[in-house]
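Q: Before I ask anything, let me first share the structure, which is written out below as structure tokens.
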Amino acid sequence: MKGSMIWNLQRYSSLVILVYLVYVSSFIITTQGPISFFDWTKFFLSFQTRFFTSIACIFMLLHAYIGLWTVGTDYLTERTLGFLNKSLSKIANLMRKMYLFAFVMLGIVYLVVILYIIWI
Amino acid sequence: MFGKKLQVSLYRYNPEEDKFPYMKKYTIDKPERDIMVLDLLHLLKEQDQSVSYRRSCREGVCGSDGMNINGKNGLACITPISSVIKRNKIELRPLPGLPVIRDLVVDMTEFYAQYEKIKPFLQNETTAPEQERLQSPEERDKLDGLYECILCACCSTSCPSFWWNPDKFVGPAALLQAYRFLADSRDLKTEERLDALSDPFSVYRCHGIMNCVNVCPKGLNPNKAIGEIKSMLHKNKKDIIASDRI
């Protein structure tokens, strides 16, 4: 993958998250008086909120994955772990793969649970 | 000006004798006047002949004596001790992130490998004119702030991204030079140069923390050059090349 594509994905995904936050905040700010359970349910059960929440979650996970991949490829490498301990250096690549795999699995579970809560 | 005595804490490591590096404290008589850190090292060398460091031009041109002075990278020969001294103490360490050969002497192989990677020479396969390839004053102006780099490695070795990935991230010094050739109207390999930098590590590991700008002893701005490279990578390459030719 090209570096510019990853760079763009990270920036645009943060913009999507920002737009979603503005969308939810505007509901909270513009609702007259205290927000009742009925108002809250009506807002979150509307198709557009469900759709925006799903999109925002997908982009949030994408954004987080890029960030964690960057951290992993900075700190979980043969060189960086080698500064701490030479034996750690030998298993650095395995550790990084496990770390990314664990996050991908967690991300998939997170997404499935969120989509289940939102749509079913 | 500095009190009667000056305390210098110096990073010492001789792989033939020492198992681990250590900091050795030296006390020297206060200098009569403000001197450069390199002069201070000469005074130390008179005390202890085994102290090792690189130096050559002693006027900030060769870039040999880059080192970490009281926590900030700089050239010893153009850094007055008055500008770095803290409570009569100075701490001198080698450039961070590079393997230490001995004391303040580091192995620059990884740094030069990245410099080599960006092909730091003019690439133009058209027939050379009789005298020289001409540039307009405007085209020449684009190279100011780029060609002055002396490759002292102060910027690259102050960059955490270069510490962690010196084999993949090109580093601020080499990227400044990469942009020097991308901005040169006489160079015709813009597309190839951009292709070579388009992976996720070479340029995009720069997160713009500006350490490079903060330490550059020549007052250059590698971060700006990296930003320009990123802009070029984001734009349509054919457009850039077409505008180069106009």
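The values are calculated or read from the model by the stated rules, or taken from the named source; none is laboratory data. As the structure is a prediction and not an experimental result, all values here were calculated from the model. Quick reminder, even Gly has a Cβ in these numbers, built from the backbone with ideal geometry, and neighbours come from all protein chains shown.
Q: May I ask you to say which residue of B:SER185, B:SER161, B:SER83 is surrounded by 20 or more Cβ atoms within 10 Å (Cβ to Cβ) and polar (S, T, N, Q)?
A: Only one candidate passes the filter, namely B:SER161.
Q: If we scan region B:168-178, do we find a residue that is in a helix (DSSP H, G or I), surrounded by fewer than 19 Cβ atoms within 10 Å (Cβ to Cβ), touching a residue at least 12 places away in the same chain (Cβ under 8 Å) and within 12 Å of another protein chain (Cβ to nearest Cβ)?
A: no
Q: Checking B:CYS212 against (1) at pLDDT 95 or above; (2) surrounded by fewer than 22 Cβ atoms within 10 Å (Cβ to Cβ), which single condition isn't satisfied?
A: Going through (1) at pLDDT 95 or above; (2) surrounded by fewer than 22 Cβ atoms within 10 Å (Cβ to Cβ) one by one, B:CYS212 breaks only (2).
Q: Looking at B:GLU16, B:GLU91, which one is on the phi < 0 side of the Ramachandran plot and not in a strand (DSSP E or B)?
A: B:GLU16
Q: Here is a check on your reading of the model: is A:TRP69 within 30 Å of B:GLY227 (Cα to Cα), without any contact (Cβ under 8 Å) to a residue 12 or more places away in the chain, surrounded by 11 or more Cβ atoms within 10 Å (Cβ to Cβ) and within 16 Å of the chain's Cα centre (by Cα)?
A: no
Q: Separate question: Tell me the residue from B:LEU188, B:LEU151 that is under 25 Å from A:ARG79 (Cα atoms), in a loop (DSSP other than H, G, I, E, B), more than 13 Å from chain A (Cβ to nearest Cβ) and of a type in the set (A, V, I, L, M), please.
A: B:LEU151
Q: Could you tell me which of the residues B:LYS25, B:LYS30 is over 26 Å from B:CYS212 (Cα atoms) and modelled with pLDDT of 95 or more?
A: Result: B:LYS25 is the single residue among B:LYS25, B:LYS30 that is over 26 Å from B:CYS212 (Cα atoms) and modelled with pLDDT of 95 or more.
Q: Now, a different point. Condition first: assigned to a helix (DSSP H, G or I), more than 14 Å from every other protein chain (Cβ to nearest Cβ), within 14 Å of the chain's Cα centre (by Cα) and farther than 24 Å from A:MET5 by Cβ. Can you find one or more residues in region A:37-50 that meet it?
A: No, that holds for no residue.
Q: State which residue is nearest to A:MET5 (Cα to Cα) when the search covers only region A:80-94 and only residues that are buried (at least 16 other Cβ atoms within 10 Å of the Cβ) and of a type outside the set (Val, Ile, Thr).
A: If we take residues in region A:80-94 being buried (at least 16 other Cβ atoms within 10 Å of the Cβ) and of a type outside the set (Val, Ile, Thr), then A:ALA92 is nearest to A:MET5 (Cα to Cα).
Q: Listed residues B:VAL51, B:VAL61; which is under 25 Å from B:ILE150 (Cα atoms), out of contact with any strand residue (DSSP E or B) (no Cβ under 9 Å at 6 or more places or on another chain), part of a loop (DSSP other than H, G, I, E, B) and β-branched (Val, Ile, Thr)?
A: B:VAL61
Q: State which residue is farthest from the other protein chains (Cβ to nearest Cβ) when the search covers only region B:191-235 and only residues that are among the hydroxyl-bearing types (Ser, Thr, Tyr) and touching a residue at least 12 places away in the same chain (Cβ under 8 Å).
A: B:SER202
Q: I'd like to know if region B:131-140 contains one or more residues that are closer than 20 Å to A:THR73 by Cα and either surrounded by fewer than 15 Cβ atoms within 10 Å (Cβ to Cβ) or more than 14 Å from every other protein chain (Cβ to nearest Cβ) (or both).
A: Checking region B:131-140: not a single residue is closer than 20 Å to A:THR73 by Cα and either surrounded by fewer than 15 Cβ atoms within 10 Å (Cβ to Cβ) or more than 14 Å from every other protein chain (Cβ to nearest Cβ) (or both).
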